[in-house]
Every structure is written in C-alpha cells, then in structure tokens.
Amino acid sequence: MVDEQFRQLERELGLLLRRAQASSAAISRDVHPDLEPAAYSLLALIAASPGVRASDLAMNIGVGRGTMSRQLARLGALGLVSRRPDPDDYRGQLLELTDEGLRRFESAQQARRTFLRQALTGWGEADIAALATQLGRLNSDLAAARRTH
C-alpha cells in the first residue's frame with residue numbers, strides 16, 4: 001500500500017512540476033521577453049531576500065557557482081538585478097532587484113496570483129492554507145534530505 005502511495009505521489013509531483021515549468025515559461029516572458037524560465041525563480045528568491053549572497057542563492061537552489069554566475073550576468077544585462085560587493089567577504093556579491101526588476105517581477109507575481117485564484121475558486125481558505133503549509137513542509141523536508149545525500 002505504501003509503495004502505491006509513493007507511486008501516486010511521484011506521478012502527481014511530476015505532473016505538477018511539468019505544469020509549473022510551462023507556467024514559469026509564460027510568466028518569465030511576462031517579466032521580460034528574453035528571460036529564461038528558470039530565471040523567474042531566481043528573481044523570486046532575490047525579491048524575498050534582498051541582499052542575498054550569490055553563493056547562498058546557488059546553494060539554496062542546488063546549482064554550481066558557474067551556473068549561478070551566468071544566470072546572474074544575464075539578469076544583470078536585462079536590467080533586472082543589481083550586484084554590490086559584500087562588505088563581509090570581498091569575493092562575495094549581494095544581490096537585489098533593480099527598480100525595473102521589482103516592478104516587472106511584482107506584475108508577473110500578481111498575474112500568477114490571479115491565475116491561482118481563478119483556478120482554485122472551488123477551494124476554501126482552509127484548504128488553500130493547508131496546501132500551502134504542506135507544500136512548505138515538503139520543500140523543507142526535500143531540502144533537508146538533499147543536504148544529507
């Protein structure tokens with residue numbers, strides 16, 4: 001029985017991730033026509049933690065520093081992210097969204113929330129809160145499991 005539950009969980013997560021990737025591509029284009037889909041999540045993390053270090057961001061999402069550097073260079077070239085030296089580490093950089101980056105990100109975020117509200121009209125507030133809580137728990141547990149492997 002447990003194996004079947006994990007198979008169902010794997011199927012549902014796979015479907016959710018494929019839909020999220022397709023959605024991210026559309027939302028990324030809303031932020032900037034030249035923005036890669038994976039970059040939207042970087043913008044979200046930087047928006048949530050202005051002044052985050054590039055190395056911490058790379059570790060958080062599980063990519064190498066080289067990959068992170070290339071993605072940040074692209075976001076900088078598009079005028080969406082700015083970097084400043086880390087006063088505690090001369091090699092580090094602190095990241096923030098530019099005013100234009102923040103404006104575009106917030107606009108895309110609002111469009112995503114509108115979509116979710118429409119898609120979940122049949123859900124009660126308690127259901128939405130429970131889902132958000134469980135997804136947060138899942139993300140936390142997956143991150144912890146990843147660190148131990």
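The values are calculated or read from the model by the stated rules, or taken from the named source; none is laboratory data. Computed from a predicted structure; not experimentally measured. Virtual Cβ from ideal backbone geometry, glycine too; neighbours counted across all protein chains shown. Protein only, heavy atoms only, side chains kept; ligands, DNA and RNA dropped before computing areas. Shrake-Rupley method; radii C 1.70, N 1.55, O 1.52, S 1.80 Å.
Quick look at the numbers
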| quantity | calculated |
| --- | --- |
| Cα-based helix-to-principal-axis angle, 2-31 vs the chain, degrees rounded to 10 | 40 degrees |
| With Cα atoms, 0 to 90° folded angle of helix 37-48 axis to the chain main axis | 80 degrees |
| Accessible area of Leu17 in the full protein assembly, 1.4 Å probe (Å², nearest 10) | 110 Å² |
| Extension gain from Arg113 to Arg11, taking 0.36 nm per residue of separation minus the Cα-Cα distance | 34.2 nm |
| Accessible carbon and sulfur surface of the range 1-144 relative to its total accessible area, %, 1.4 Å | 54 percent |
| Two-site FRET efficiency, Ser82 against Ala26, from Cβ-Cβ distance with R₀ of 25 Å, rounded to 0.05 | 0.45 |
| Kirkwood-based shape ratio for the chain, expressed as Rg/Rh from alpha carbons | 1.01 |
| Global geometry of the range 52-104, whether rounded, prolate or oblate, following the gyration tensor of its Cα atoms and the 1.5 cut on a/c | oblate |
| Charge dipole of the chain about the Cα centre (unit charges at C-beta), most positive-ward option of Gln8, Ile128, Ala25 | Ala25 |
| Per residue value of the accessible surface for the chain (all protein chains in place, 1.4 Å probe), Å² | 70 Å² |
| 0 to 90° range, to nearest 10: angle between helix 65-77 axis and the chain longest Cα axis | 70 degrees |
